[in-house]
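To keep things clear, I will list the structure first and then write my remarks on it.
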Amino acid sequence: MEHLRPAGLNERRCIARDVQGVYGNLILYATYRIDCALEDVALRGQIDRALRQCIVEHPVLGVVIQDVETEKPQLYRPSSPLLHEHVRYLETIDTHEDDAGTVQALLKQVHNEPFAQWHIRPAWRVHILPTTPSGNSQATELNVAFAYSHALADGFSGVLFHQTLLRALNTQNSPTPTNEPGFQVSAEDHHLLPPLEKAATLPISWSFLLRPLFGEFLPTWIVRALGMSSEIPDGVWTGAQKRPPSPTSIQPIRTAVCCRQIPPAHLERALAGCRSHGARLTGLLAVIIARALARALRARGQARSDFIANLPLDLRRCIPQASHSMANYASGTTETIHILSKQNQDHESPGSLTNEDWATARRLTERLSEASNTLADQPVALLKYLSDFRDWTTRQVAKPADSSFELSNVGSFNTSTSSPLQPHGTTDRAWSLRDMVFSQSANALGAPFNVNVASTKDGPLAIVLTWWPGMLGVEDEESIMNDVAEGLVEQMARV
């Protein structure tokens, strides 16, 4: 094996989570189609070559992590990785439902299959479910779920993987499968990006630094007197008062899944509403989720009007050299949402968005824009003051949640940027991509539930809710997540 570099700070944080079983994986799912019937050998040959191209362009796919049980994990390039260990062809999924049910069942299955043997096998897999489109035997479709560890790659990395895979499928010269099982990645091709703290300078102001330190080590009354309290305000919903028993490496965290789609027409109308109110989609979604959650809780006897949203950030716009590369370059911000119009929570169907709702969506949009366009005072920068990641992870799992939900939006996939002309200058029988879905596993250190969002240009908006069973503080967890999801869909139809 060739030693590449030590793991970076955010990488170490994610490695500690994964190895201790308190976090699972990320998944970017999409449906691929080509208007011709491909025999199994030819189909697998095309996929094989395309995946090899993905590995060449994204070196992180050829990295293993050693010393994961220590505070100094190291990244290596294995001498002879085997591609077939990362590709799983599925014949069926255990569901009797429609396409949405198939996606939900696939996500649940893949989320609950933890990675193993970090020291010899890169932590990613591609799950492929070939299908024949209804009424068209002369076409081939693939449901492709790319699952990967958050340790070395963030949410947008999954989008980059699918961009590369689609382009590679449409630019290869031969569908003939290779007889070589390895990755075939040469050393000169394998240029692994540095960790975030080496790729960019992350300045920290004194006030930003002292707030979490005071909150950790000083008595609450002193922190409040200094105006640096990070204590959760009274009335904020944070799920169960106590987290479920901590997962372990032997019994890792389980993830429950709920999927919905926003039709393209409703999405376009919502985007138009955002433009007219000076907001963007993520800000609007955060408000709608809070409204739907408030209604669902009120129906169960819990009157709550304040919610804290965790909003992950992609820092690539501040690091131009990483704009098209898979890496773990994520940070985040936290915002409070107050639902003023309590009467809307009592209606069987959601009422119209109020001026206050749009003002909140606009505020969140402005905050997200500010936070994602600077490297200063990023929460991820504080990791350099953490010496024992494993102990910190254990302590965090023992604490109650400090937020209501996490909202992650990886954006809209534009197929035109990933579908060059075929070698002979024609787009006949070219692969296309639709229905992108993003999902992340439950997080024993995080919010009670996650809302994961992705779309394809001119297609529906995919919404996936994931949670750790026992974390929501209600008896009917699946029911309340369905209510939140339905409330989100209904509200988007009324924007």
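Answer with yes or no whether S230 is assigned to a helix (DSSP H, G or I), modelled with pLDDT under 95, over 30 Å from R44 (Cβ atoms) and of a type in the set (S, T, N, Q).
no
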Condition first: within 30 Å of M471 (Cβ to Cβ) and in the same structural domain as E85 (by TED's automatic domain parsing). Can you find one or more residues in the stretch 36-48 that meet it?
no
Show me the strands (runs of 3 or more DSSP E) found entirely inside the stretch 1-94 where at least 2 residues are modelled with pLDDT of 95 or more and over 30 Å from I463 (Cβ atoms).
2-6, 64-66, 74-77
Residue in the stretch 367-383 that is farthest from L196 (Cα to Cα), counting only those that are in contact with a helix residue (DSSP H, G or I) (Cβ under 9 Å, 6 or more places away or on another chain) and not in a loop (DSSP other than H, G, I, E, B):
R367
The conditions are (1) at pLDDT 95 or above; (2) farther than 24 Å from S325 by Cβ, and A147 fails exactly one of them. Which is it?
(2)
Of the conditions (1) closer than 24 Å to Q20 by Cβ; (2) surrounded by fewer than 22 Cβ atoms within 10 Å (Cβ to Cβ); (3) not charged (D, E, K, R), A430 satisfies every one except a single condition; which number is it?
(1)
When the stretch 434-481 is examined, which residues are found to be crowded, with 23+ Cβ neighbours inside 10 Å, closer than 30 Å to D35 by Cβ and outside the structural domain of L297 (by TED's automatic domain parsing)?
M436, V437, F438, S439
I'm trying to understand the selection: among the residues of the stretch 69-79, which are surrounded by fewer than 20 Cβ atoms within 10 Å (Cβ to Cβ) and in contact (Cβ under 8 Å) with a residue 24 or more places away in the chain?
E69, E71, K72, Q74, Y76, R77, P78, S79
Can you go through Q302, Q241 and tell me which one is closer than 15 Å to D483 by Cβ and either outside the structural domain of M471 (by TED's automatic domain parsing) or at pLDDT below 95 (or both)?
Q302
Any pair with Cβ under 9 angstrom, 6 or more apart, that starts in the stretch 268-291 at a residue that is on the phi > 0 side of the Ramachandran plot and surrounded by fewer than 20 Cβ atoms within 10 Å (Cβ to Cβ) and ends at one that is in a helix (DSSP H, G or I) and at pLDDT 95 or above:
G278/W358; G278/A361; G278/R362; G278/T365; G278/E366
Can you pull out every residue in the stretch 106-131 that is aliphatic (A, V, I, L, M) and not in a helix (DSSP H, G or I)?
A116, I120, A123, V126, I128, L129
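Of these, S186, S157, S174, which one is modelled with pLDDT under 80, of a type in the set (G, A, S) and in the same structural domain as P73 (by TED's automatic domain parsing)?
Only one candidate qualifies: S174.
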Selection within the stretch 249-267 - under 22 Å from the mean Cα position of the chain (by Cα) and surrounded by fewer than 17 Cβ atoms within 10 Å (Cβ to Cβ)
S249, P263, P264
Please verify whether the stretch 348-358 includes one or more residues that are assigned to a loop (DSSP other than H, G, I, E, B), modelled with pLDDT of 95 or more and not aliphatic (A, V, I, L, M).
no
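The values are calculated or read from the model by the stated rules, or taken from the named source; none is laboratory data. Keep in mind the model is a prediction, meaning the values are calculated, not measured. A quick note on method: Cβ atoms are made from the backbone with ideal geometry, for glycine too, and the neighbour counts reach across all protein chains shown.
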